[in-house]
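Participant: For reference, the structure I am asking about is given below.
The values are calculated or read from the model by the stated rules, or taken from the named source; none is laboratory data. As the structure is a computational prediction, the values presented were derived from the model and not from experiment. In this analysis, Cβ positions are derived from the backbone assuming ideal geometry, glycine residues included, and neighbour counts consider all displayed protein chains.
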Amino acid sequence: MKPPFYITTPIYYVNDVPHIGHAYTTIASDMMARFARMEGREVMFLTGTDEHGQKIQKVAQTAGIEPQAFVDQVSERFWQLTPLFNLSNDQFIRTTEERHIRSAQALWVHMTERGFIYKGGYAGWYAVRDEAFYAESELVNGKAPTGADVEWVEEPSYFFKLSAFQEPLLAFYRDNPNFIGPEARRNEVIRFVEGGLNDLSISRSSFKWGVPVPDEPEHVMYVWVDALANYITALGYPDEKAANFKKFWPESLHIIGKDILRFHAVYWPAFLMAAGLTPPKRLYAHGWWTNEGQKISKSLGNTIDPVELVENYGVDQVRYFLLREVPFGQDGDFSRSALEQRINSDLANDFGNLAQRVLSFVYKNAEAKVPTPSSFSEQDEVLLKAAQELLSRLRENFEKQALHRMIEAIWELVGAANRYVDAEQPWSLKKTDPERMATVLYVLMEVLRHLAFYIAPIMPQTSEKLLALLGITDKHMTFEKLNQKKLESGMDLPQPQGLFPRIEKDRKE
Ligand code: MSP
């Protein structure tokens, strides 16, 4: 039995509508969820919205709408990313749901029962934009290190004994060297924890928009306690006997942006240990996108609307670009010229052209049927083997979340196949050696079949389209099937269609 796979995105704040940075995290997670399903693993893929806290209360107030009505509206916009980007999330969680309120409160009660929560008073700095507390020593020119404005907060508050977890956390990082990726981020976290941990204020009493603290109606939970709990709510917590909880916890991979690493790598495992639960298996922090060299921000007015992008360029094209352009884990820059360049060169020229020239040649010159191969030459064997063996490279890189390397490896096969077409010249074999021509075309179609499977997690629509052009209509693709069933010679093929239209240079917005 293959291990189950639980993959989560951060839950998105609903203070603002989604932009491409949010879509990025979910698309990357979608690629991994789809890959794991093709491996025959049982997958739970979770995304959703983070709907409590001071930031959201403030924005709702400014808009003159009740917080619940406000979060209902904005959450819907995030939900719409699922059909827009063809995302395969199994659940969409909202922290205002009843099941989540119950779960966050149960987590709180368990932490209290085990002696890790006490009542006190907080006096210090708080940045509403980051929903984070900062020590005086962390401030830079009177602002949070992230640049967010801070305000002085003084109020009764419950505290979490984070200081008690310095040693347990360091031991946990040591015993689980794969807990945090990329490696550099792991070192960053270890250095931070080695520097000492202060207890954490985990309730607020100066506003109301949050999960009520059990038996303490004047307090709502600090939004990060509430938010992090979403990962177990979705599995049925507080029922630890729930089928999904037993199956998927702690087999989890939390995909996050680098800005929220500390919450996930320090607070979250500490909360879980405090409640007597096992921390998640792995976190992976990706980098941040800028837009044409500039930080993406609402105040700069340069957020990129995912809907407009998909309408203009196509869903698979945008998914491909985001996953291919920047090594997963590093920062990157979004630009229209880079996107158009990738579409024209990687998709239209390399991939699309390979499929087009093979399929239309077969359609016109080989009776529109899967050709019958005779004996394979050494070059044929080399290419077929490269197609088959690519899977093990994809698997290795999947384990490391090296998504860009998975794509690079696929494009190496595309390149090899294009070179093979040029070298074998099936068009000149038509008259001289039709038998050889049939073999060459069969080899190429088998390579296309492998490619159609391999690109499925990245570009699901294109994969389906290509499979249909190869006469395969089975929608439930697994890598096991890829290896079991070759193309059947003699099978009728539909009329070929292009996969990726080119973007013309003089096109105007
Ligand atoms: N609500 C918290 C997460 C709670 S998880 C228990 C939050 N929300 S957020 O909406 O502000 O950010 C969600 C994710 O979007 C983060 O992982 C963040 O890194 C990512 N991104 C937001 N802008 C981004 C870019 N410009 N580029 C890449 N990712 C970005 O934090």
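Participant: Any residue in the stretch 108-124 that is closer than 19 Å to residue 54 by Cβ and under 26 Å from the mean Cα position of the chain (by Cα)?
Facilitator: Scanning the stretch 108-124 turns up no residue that is closer than 19 Å to residue 54 by Cβ and under 26 Å from the mean Cα position of the chain (by Cα).
Participant: Let me ask something else about it. Tell me, which helices (runs of 4 or more DSSP H) wholly within the stretch 394-475 include 3 or more residues that are within 19 Å of residue 486 (Cβ to Cβ) and not assigned by TED's automatic domain parsing to the domain that holds residue 25? Quick ask: steps written out before the conclusion?
Facilitator: Numbers: elements: 403-424, 426-432, 434-454, 460-469.
Because the criterion is at least 3 residues that are within 19 Å of residue 486 (Cβ to Cβ) and not assigned by TED's automatic domain parsing to the domain that holds residue 25, the helices (runs of 4 or more DSSP H) in the stretch 394-475 that meet it are 403-424, 434-454, 460-469.
Participant: Being without any contact (Cβ under 8 Å) to a residue 12 or more places away in the chain and among the aliphatic types (A, V, I, L, M) narrows it down to one of 499, 429, 493, 448, so name that one.
Facilitator: Numbers: 499 fails: without any contact (Cβ under 8 Å) to a residue 12 or more places away in the chain; 493 fails: without any contact (Cβ under 8 Å) to a residue 12 or more places away in the chain; 448 fails: without any contact (Cβ under 8 Å) to a residue 12 or more places away in the chain.
When all the criteria are applied, what remains is 429.
Participant: For the stretch 301-345, name all the residues that are within 16 Å of residue 406 (Cβ to Cβ) and among the hydroxyl-bearing types (Ser, Thr, Tyr).
Facilitator: If the condition is that a residue be within 16 Å of residue 406 (Cβ to Cβ) and among the hydroxyl-bearing types (Ser, Thr, Tyr), then 320 is the only one that fits.
Participant: Next question, about the same structure. Among what's in the stretch 1-16 and is more than 11 Å from the ligand (Cβ to nearest atom) and over 14 Å from the mean Cα position of the chain (by Cα), pick the residue that is surrounded by the fewest Cβ atoms within 10 Å (Cβ to Cβ). Can you show your working first?
Facilitator: As a first pass, look at the stretch 1-16 and keep what is more than 11 Å from the ligand (Cβ to nearest atom): 1-7.
Going one step further and asking which of them are over 14 Å from the mean Cα position of the chain (by Cα), we end up with 1-4.
On the way: 1: 6, 2: 9, 3: 13, 4: 17.
So, considering only residues that are more than 11 Å from the ligand (Cβ to nearest atom) and over 14 Å from the mean Cα position of the chain (by Cα), the one surrounded by the fewest Cβ atoms within 10 Å (Cβ to Cβ) is 1.
Participant: Take the residues in the stretch 1-26 that are in contact with a helix residue (DSSP H, G or I) (Cβ under 9 Å, 6 or more places away or on another chain) and of a type in the set (S, T, N, Q), then tell me which one is nearest to residue 56 (Cα to Cα).
Facilitator: Among those residues, the one meeting the criterion is 15.
Participant: While we're on this one: With respect to residue 466, determine if the residue is in contact with a Gly (Cβ under 8 Å, 6 or more places away or on another chain) and under 22 Å from residue 384 (Cβ atoms).
Facilitator: no
Participant: Of the residues that make up the stretch 482-494, is at least one assigned to a helix (DSSP H, G or I) and buried (at least 19 other Cβ atoms within 10 Å of the Cβ)?
Facilitator: Narrowing the stretch 482-494 to residues assigned to a helix (DSSP H, G or I): 482-484.
Remaining after also requiring buried (at least 19 other Cβ atoms within 10 Å of the Cβ): 482.
Yes: the stretch 482-494 contains one or more residues that are assigned to a helix (DSSP H, G or I) and buried (at least 19 other Cβ atoms within 10 Å of the Cβ).
Participant: Kindly indicate the residue of the stretch 60-73 that is touching a helix residue (DSSP H, G or I) at 6+ places or on another chain (Cβ under 7 Å) and aliphatic (A, V, I, L, M) and also surrounded by the most Cβ atoms within 10 Å (Cβ to Cβ) among those meeting that condition.
Facilitator: Within the stretch 60-73, the match that is surrounded by the most Cβ atoms within 10 Å (Cβ to Cβ) is 71.
Participant: Report the residue count in the stretch 131-156 for those that are part of a loop (DSSP other than H, G, I, E, B) and free of Cβ contacts under 8 Å to residues at least 40 places away in the same chain. Spell out how you get there, then give the answer.
Facilitator: Within the stretch 131-156, the subset part of a loop (DSSP other than H, G, I, E, B) is 131, 135, 139, 141-142, 144-148, 150.
Cutting the leftovers down to free of Cβ contacts under 8 Å to residues at least 40 places away in the same chain gives us 139, 141-142, 144-145, 147-148, 150.
Of the residues in that region, 8 qualify.
Participant: Checking residue 308 against (1) surrounded by fewer than 20 Cβ atoms within 10 Å (Cβ to Cβ); (2) modelled with pLDDT of 95 or more, only one condition comes out false. Which one?
Facilitator: Residue 308 satisfies all of (1) surrounded by fewer than 20 Cβ atoms within 10 Å (Cβ to Cβ); (2) modelled with pLDDT of 95 or more except (2).
Participant: I've got another one for you. Of the residues that sit in the stretch 242-255 and are aliphatic (A, V, I, L, M) and under 17 Å from residue 10 (Cα atoms), which one is nearest to the ligand (Cβ to nearest atom)? Step through it out loud before you land on a result.
Facilitator: Taking the stretch 242-255 as the starting set, the residues that turn out to be aliphatic (A, V, I, L, M) are 242-243, 253, 255.
Add one more test, that the residue is under 17 Å from residue 10 (Cα atoms), and what stays is 253, 255.
Details: 253: 14, 255: 8 Å.
Going through the qualifying residues, I end up with 255.
Participant: Got a sec? Which of 295, 281, 258 is within 12 Å of the ligand (Cβ to nearest atom), more than 15 Å from residue 228 (Cβ to Cβ) and in the same structural domain as residue 229 (by TED's automatic domain parsing)? Please lay out each step first, then the result.
Facilitator: Working: 295 fails: in the same structural domain as residue 229 (by TED's automatic domain parsing); 281 fails: within 12 Å of the ligand (Cβ to nearest atom).
Going through 295, 281, 258 in turn, the sole match is 258.
Participant: Is it true that some residue in the stretch 373-390 is of a type outside the set (Lys, Arg), buried (at least 19 other Cβ atoms within 10 Å of the Cβ), closer than 20 Å to residue 32 by Cα and within 39 Å of the chain's Cα centre (by Cα)?
Facilitator: yes
Participant: Looking at (1) near the ligand (Cβ under 10 Å from one of its atoms); (2) under 17 Å from residue 129 (Cα atoms), can you tell me which one residue 25 breaks?
Facilitator: With (1) near the ligand (Cβ under 10 Å from one of its atoms); (2) under 17 Å from residue 129 (Cα atoms) applied to residue 25, the lone miss is (2).
Participant: With 107, 46 as the choices, which residue is of a type in the set (A, V, I, L, M), more than 12 Å from the ligand (Cβ to nearest atom) and in contact (Cβ under 8 Å) with a residue 12 or more places away in the chain? Walk me through how you get there before you give the answer.
Facilitator: On the way: 46 fails: more than 12 Å from the ligand (Cβ to nearest atom).
The unique qualifying residue is 107.
Participant: Going by what's in this entry, would residue 156 be described as under 30 Å from residue 399 (Cβ atoms) and touching a Lys or Arg at 6+ places or on another chain (Cβ under 9 Å)?
Facilitator: Details: under 30 Å from residue 399 (Cβ atoms): no; touching a Lys or Arg at 6+ places or on another chain (Cβ under 9 Å): yes.
Against the criterion (under 30 Å from residue 399 (Cβ atoms) and touching a Lys or Arg at 6+ places or on another chain (Cβ under 9 Å)), residue 156 does not qualify.
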